[in-house]
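Only one structure is covered here, and it is reproduced in the block below.
Each reported figure results from applying straightforward, stated rules to the coordinates on display, with no laboratory input. None of the values given here were measured: they were computed from a predicted structure. For neighbour counting, all protein chains shown are included, and Cβ atoms are generated from backbone atoms with ideal geometry for every residue, glycine included.
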Amino acid sequence: MSKTRGFEVVKGFEDKDIHLPIRKTKYAAGYDIEAAEDCMVPSFKKGMKPTLVKTGLKAYMQDDEVLILANRSSNPGKKGLILANSIGVIDKDYYGNSDNDGHIMFAFYNIKEEDIEIKKGDCIGQGIFQKYLVVDEDCAGGERTGGFGSTSR
């Protein structure tokens with residue numbers, strides 16, 4: 001069977017009871033993604049870095065596809081969690097990279113006054129596979145050399 005697009009458990013999380021994302025309804029665009037382990041997202045303070053919440057997942061896709069990571073619509077109001085980068089972009093060549101095997105993580109800030117606990121198995125966001133277009137005369141030929149946040153290195 002050839003692989004078109006999907007999710008797999010990332011190296012190091014094989015025995016952690018990671019659930020592969022699913023769509024909950026027939027017309028849902030996004031695959032619900034869970035946290036791979038318990039973690040705390042501290043209340044935001046000026047200058048702090050976002051908290052990376054591990055999923056234990058990686059994603060494979062076609063050459064002209066991208067996986068968009070989106071926040072849950074209830075996260076900002078109920079938990080105070082917002083994505084630091086508004087959306088996450090998982091490129092095809094992130095899969096299996098040498099730094100972290102393509103481990104998908106959500107970068108959260110917590111805008112509430114109290115710290116927010118995320119439990120293993122909590123739905124933290126969703127992934128949406130999409131096609132993308134390139135411009136005429138596109139000449140991108142670079143090779144990925146790392147994992148999370150490595151595109152501009």
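Simple spin-label estimate for Lys46 and Ile128 gives 3.4 nm between the two label positions (7 Å along the Cα-to-Cβ direction from each Cα).
The length gained by stretching the chain between Glu137 and Lys11 to full extension, at 0.36 nm per residue less their Cα-Cα distance, is 41.6 nm.
Here Val134, Val41 are placed in order of increasing Cβ neighbour count within 10 Å, fewest first, which gives Val134, Val41. On full extension, the segment bounded by Lys3 and Gln62 gains 20.3 nm, given 0.36 nm per residue less the C-alpha separation. Ordered from longest to shortest, the equivalent ellipsoid semi-axes for the stretch 6-131 are 23, 16, 15 Å, each the square root of 5 times a Cα gyration tensor eigenvalue. Assuming a ≥ b ≥ c are the square roots of the Cα gyration tensor eigenvalues, decide whether the stretch 5-49 counts as rounded (a/c under 1.5), prolate (otherwise, with a/b larger than b/c) or oblate. Oblate shape, in that a/c is at least 1.5 and b/c is the bigger or equal ratio. In terms of surrounding Cβ atoms within a 10 Å radius of their Cβ, Val66, Val53 rank from fewest to most as Val66, Val53. Scoring 19-28, 104-113 by mean Cβ neighbours within 10 Å over their residues and listing the highest first yields 104-113, 19-28. Ranked by how many other Cβ atoms sit within 10 Å of their own Cβ, fewest first, the residues Ser86, Ser43 fall in the order Ser86, Ser43.
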